[in-house]
1. Which value at 222 nm does the chain reach when only helices count, each DSSP H run of 4 or more adding -39,500 (n - 2.57), with the total divided by all residues and rounded to the nearest 500 deg cm²/dmol?
2. For the chain, what is the charge dipole size about the Cα centre, in debye to the nearest 20, if Lys and Arg each add +1 at the Cβ and Asp and Glu each add -1 at the Cβ?
3. Pairs of Cα atoms under 8 Å, at least six residues apart: use those to get the relative contact order of the chain, whole percent.
4. Ignoring any ligand, DNA or RNA, what whole percent of the accessible area of the chain comes from carbon and sulfur when the probe is 1.4 angstrom?
5. How many Å² of accessible area per residue for the chain, probe 1.4 Å?
Amino acid sequence: MHLFAAFLGGELTPGRMGEDHEVVFVVADDMISARRAAKAKWGGDGRAHVDALTQIDMIDGYAIGLQEAGSGDSTTTEGYNA
């Protein structure tokens with residue numbers, strides 16, 4: 001199993017000049033399974049497509065390890081209003 005980051009794009013909604021985007025993380029065996037899992041996490045309107053998909057094995061010299069710990073997601077996000 002590997003960790004993947006997916007950059008999703010969605011269909012144009014009425015009155016919008018650009019499509020919506022979001023980043024989701026998924027755990028999957030391979031790229032094909034990761035694409036399917038990422039699209040299932042799309043929170044926007046209409047159907048999603050995968051603009052980019054990255055398998056994450058190491059960041060800044062630190063290996064990424066996965067350990068089963070329950071269900072769902074646990075993330076911390078800091079944004080403009082934080």
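1. Numbers: 1 runs with 10 residues, N = 82.
My calculation for the chain gives -3500 deg cm²/dmol from helical runs alone.
2. Values: 6 positive and 13 negative charges, 52 e Å.
That gives the chain a dipole magnitude of about 240 debye.
3. Over the chain, the number comes to 34 percent.
4. On the way: 3240 of 6510 Å².
Using a 1.4 Å probe with all protein chains present, the chain comes out at 50 percent carbon and sulfur.
5. Working: 6510 Å² over 82 residues.
Accessible area per residue, the chain: 79 Å².
The values are calculated or read from the model by the stated rules, or taken from the named source; none is laboratory data. No experiment lies behind these values; they were computed from the predicted model shown. With ideal geometry, Cβ positions are generated from the backbone for all residues, glycine too; neighbour counts draw on all protein chains shown. These area figures cover heavy atoms from the full protein model, side chains too; ligands, DNA and RNA do not enter into them. Shrake-Rupley method; radii C 1.70, N 1.55, O 1.52, S 1.80 Å.
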